[in-house]
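Notes for the one structure printed next.
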Amino acid sequence: MTDILTPEAVEQQIRQISNRIANSVKECTDRYREFMRADLEYDHAYAKAYLSCEGPAHEKRYAAEVATRTEREARDLADVAYRHVDRLAKALDAELRAMQSVGASIRSMFSVAGRGES
């Protein structure tokens, strides 16, 4: 069964999607802030581990990688969370554009309804 959309129903859906987009801004900001914090913590831990190691640069690099596995994982998980909400926000934007297109089609149909009849 196909839903019957009226101009009012389309406008209501557009408002709902717009509200969801507005709410997603804070969510994206929060997730990005968490990612940046985790990235900073990883960079700091890596630098400390690198400087505390003895030996040639390539050995120091690998030792620092091993020593900062936990921070790197936290950073990567924060990045995944941010990218997820960012994709959701983009999907909402696409949904809004699609609903606006549906609304334009419905308004067009309503504007010509009854014309050409005798």
Query - Neighbourhood net charge (11 Å Cβ-Cβ; Lys/Arg +1, Asp/Glu -1) for A74 - result: -3
Query raised in the report: With a sphere of radius 12 Å drawn around the Cβ of Y50, what net charge do the other residues whose Cβ falls strictly inside it have (Lys, Arg +1; Asp, Glu -1)?
Result: -1
Report task. Find which of I4, I106, C53 sits farthest along the positive direction of the dipole of the chain, computed with +1 on the beta-carbon of Lys and Arg, -1 on that of Asp and Glu, about the Cα centre. Result -> I106
Query - Computed over the stretch 8-108, the ratio Rg/Rh where both radii use C-alpha atoms and Rh is Kirkwood - result: 1.34
Query raised in the report: Label points 7 Å out from Cα along the Cβ direction at Q100 and Y50: separation in nm?
Result: 4.5 nm
Query raised in the report: Treating the beta-carbon of each Lys and Arg as +1 and of each Asp and Glu as -1, no other charges, what is the dipole magnitude of the chain about its Cα centre, to the nearest 20 debye?
Result: 220 debye
**Report entry** Relative exposure of M36, M109, M99, judged by other C-beta atoms within 10 Å (fewest first)
**Finding:** M109, M36, M99
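Give, as a single signed number, the net charge of other residues whose beta carbon lies under 14 Å from the beta carbon of A38, with Lys and Arg counted +1 and Asp and Glu -1.
-2
Readers should treat all values here as calculations from the given coordinates under stated rules, not as data from a laboratory. On a predicted model such as this, the values are computed, not experimentally measured, just so you know. Note that each Cβ is placed from the backbone with ideal geometry, even for glycine, and that neighbours are counted across all protein chains shown.
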